[in-house]
Every structure is written in C-alpha cells, then in structure tokens.
1. Could you count how many residues in segment 1-32 are touching a residue at least 24 places away in the same chain (Cβ under 8 Å), touching an Asp or Glu at 6+ places or on another chain (Cβ under 9 Å) and in a loop (DSSP other than H, G, I, E, B)?
2. Looking at (1) under 21 Å from residue 4 (Cβ atoms); (2) part of a helix (DSSP H, G or I); (3) not aliphatic (A, V, I, L, M), find the lone condition where residue 77 falls short.
3. Evaluate the following for residue 45: is it surrounded by 15 or more Cβ atoms within 10 Å (Cβ to Cβ), among the basic types (Lys, Arg), free of Cβ contacts under 8 Å to residues at least 40 places away in the same chain and out of contact with any Lys or Arg (no Cβ under 9 Å at 6 or more places or on another chain)?
4. Take residue 54 and tell me if it is surrounded by 12 or more Cβ atoms within 10 Å (Cβ to Cβ), touching an Asp or Glu at 6+ places or on another chain (Cβ under 9 Å) and modelled with pLDDT under 95.
5. Just to verify a result, which residue in segment 12-42, among those that are of a type in the set (A, V, I, L, M) and farther than 24 Å from residue 81 by Cβ, is surrounded by the fewest Cβ atoms within 10 Å (Cβ to Cβ)?
6. When segment 33-51 is examined, which residues are found to be more than 18 Å from residue 78 (Cβ to Cβ), part of a loop (DSSP other than H, G, I, E, B) and modelled with pLDDT of 95 or more?
Amino acid sequence: LAQLKVIRPAIVVCLGRHSARLFFELAGLKFSSILRVRGGVRKVRILEMDLMLLPTLHPAAALYNPRLRGLLESDFRLLGSLISGGQSGLERWLGR
C-alpha cells in the first residue's frame, strides 16, 4: 500500500480474488466473488486517493480453465479503452 501512495495510479487492476477482496475492503465495498465483480469499474477512495478499481480474473485462471479466457480478454479490452481515452478519459471516470 505504501507503493500506491508513491505512484498514485489512476487505475488499479485487481488480478484475482485476493487482490480484489483487499481493495474492496479498503474501499468499504462488499465483495462476493471475483466472477460477480469482474469487469466492472468502480470509482473509490482509498488512502485519501481517488482511484478506479477494475477487478478481473487472475491470468492463471484462464490457463487452468480456458472457458474463462474470453472474460479475461474482455476485461483487458475495457482497460485498454480506459487507457486509450487519455487523460480526459481518466478524468471523466474519476469525475475530475
């Protein structure tokens, strides 16, 4: 978490249920399962920083279960569209 304070990212991609659960708890959000929360962008405030959380499956999950690959690819396409929106796209999501 100390790294977050130094880097101050606009987007945090939670790879897998463990990191997603941690960030949801820090943000005061309810976490049910990674398959239920994945692919949805959430605007949160953690450590006095406004962030976007994008929970997704851990890449190893798609290796063990190839049927999950499409979900993982979809989440990364969403990430790409957030990033390609440039600063104005990030500001729109963060409400700045």
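1. 1
2. (1)
3. Numbers: surrounded by 15 or more Cβ atoms within 10 Å (Cβ to Cβ): no; among the basic types (Lys, Arg): yes; free of Cβ contacts under 8 Å to residues at least 40 places away in the same chain: yes; out of contact with any Lys or Arg (no Cβ under 9 Å at 6 or more places or on another chain): yes.
The answer is no for residue 45.
4. Working: surrounded by 12 or more Cβ atoms within 10 Å (Cβ to Cβ): yes; touching an Asp or Glu at 6+ places or on another chain (Cβ under 9 Å): yes; modelled with pLDDT under 95: no.
Taking the combined requirement at face value, the residue does not satisfy it.
5. Applying the first criterion (of a type in the set (A, V, I, L, M)) to segment 12-42 yields 12-13, 15, 20, 22, 26-27, 29, 34-35, 37, 41.
Going one step further and asking which of them are farther than 24 Å from residue 81 by Cβ, we end up with 22, 26.
Working: 22: 13, 26: 16.
Of everything passing the filter in segment 12-42, 22 is surrounded by the fewest Cβ atoms within 10 Å (Cβ to Cβ).
6. Of the residues in segment 33-51, the ones more than 18 Å from residue 78 (Cβ to Cβ) are 33, 45-50.
In the following step, the residues that additionally are part of a loop (DSSP other than H, G, I, E, B) were identified as 33, 47-48.
Selection gives 33 alone.
The values are calculated or read from the model by the stated rules, or taken from the named source; none is laboratory data. Because the structure is predicted, anything quoted here is derived from the model rather than measured. Every residue, glycine among them, receives a Cβ derived from its backbone with ideal geometry; neighbour counts consider all protein chains shown.
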